[in-house]
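This report refers to the structure that appears directly beneath it.
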Amino acid sequence: RYLLTAGHVISISEVEASAKGARKITFKVGILLDLSSTARIHFQGSFTWVDASVVKVDVIHDLALLKLSKNPFAGELQSGIRIRSKVLPLRVSVVKFDTVLPPEGANVLISGYPLDIPTFVTQRGMVASESFSVVEEPVPGAPAGFEIPESLNSILLDAVVNPGNSGGPVYDPDSGNVVGIC
């Protein structure tokens, strides 16, 4: 029912919508229809859309947590594709978010929807370096200048990542575990 994406995806969308005069900003999440298990049927760029609300944006780590208005794990969403009288199932699963950073030289996959094209694209890359830095985070409501050190973990990838892939998963090709958000 919850999902992670890149925080700048939300922040930039909100700024651009506000600049165009939007008074109320809503988000929709496209859930890719996994029809690979359906024989002789292939739909490229097929989604079911669901409203989502922003729970929290973490600017320091560039992450955003969203809550879906309908729970795909409770059967509240359907594929919307009907063949004769049968509706094709909407297959969903949970991915494991691996808390151990991959070592330098490890292969990773990055998936997303680049360049506003409604086609799911996966690209291969390699971990070039792990970076650990510290930034000063202001404390809301505290006096000016009062900041707390915050650890910022990041992974430098050697990969081709197209505009539009922001917010997509970076994952281990062997285990399928997510190691980061693009």
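Here Phe73 fulfils each of the conditions (1) more than 24 Å from Ile117 (Cβ to Cβ); (2) part of a loop (DSSP other than H, G, I, E, B); (3) modelled with pLDDT of 75 or more apart from (2). Answer yes or no as to whether Val95 is closer than 23 Å to Asp51 by Cβ and open to solvent by 70 Å² or more (accessible area, probe 1.4 Å). In short, yes.
A Cβ distance below 7 Å, combined with a sequence gap of six or more or placement on separate chains, defines the contacts here; from region 137-154, residues that are within 24 Å of Gly180 (Cα to Cα) and open to solvent by less than 70 Å² (accessible area, probe 1.4 Å) reach residues that are modelled with pLDDT under 75 and hydrophobic (A, V, I, L, M, F, W, C) in the pairs Glu137/Ile148; Glu150/Val134; Glu150/Val135; Ser151/Phe132; Ser151/Val134; Leu152/Val134; Leu152/Val135.
Would you mind stating whether Leu109 is under 27 Å from Phe27 (Cα atoms), touching a Pro at 6+ places or on another chain (Cβ under 6 Å) and either assigned to a strand (DSSP E or B) or among the small types (Gly, Ala, Ser) (or both)? The answer is yes for Leu109. Evaluating Thr5 against the criteria (1) polar (S, T, N, Q); (2) open to solvent by 30 Å² or more (accessible area, probe 1.4 Å); (3) at pLDDT 85 or above leaves one unmet condition, (2). In this structure, does Phe27 turn out to be closer than 25 Å to Gly180 by Cα, modelled with pLDDT under 80, under 19 Å from the mean Cα position of the chain (by Cα) and open to solvent by less than 70 Å² (accessible area, probe 1.4 Å)? Taking the combined requirement at face value, the residue does not satisfy it.
The values are calculated or read from the model by the stated rules, or taken from the named source; none is laboratory data. Not measured: the values here are computed from a predicted model. Because the Cβ atoms are built from the backbone with ideal geometry, glycine has one as well, and the counts that use them run over all protein chains shown. Note: areas computed on protein heavy atoms with side chains; ligands, DNA, RNA excluded. Shrake-Rupley method; radii C 1.70, N 1.55, O 1.52, S 1.80 Å.
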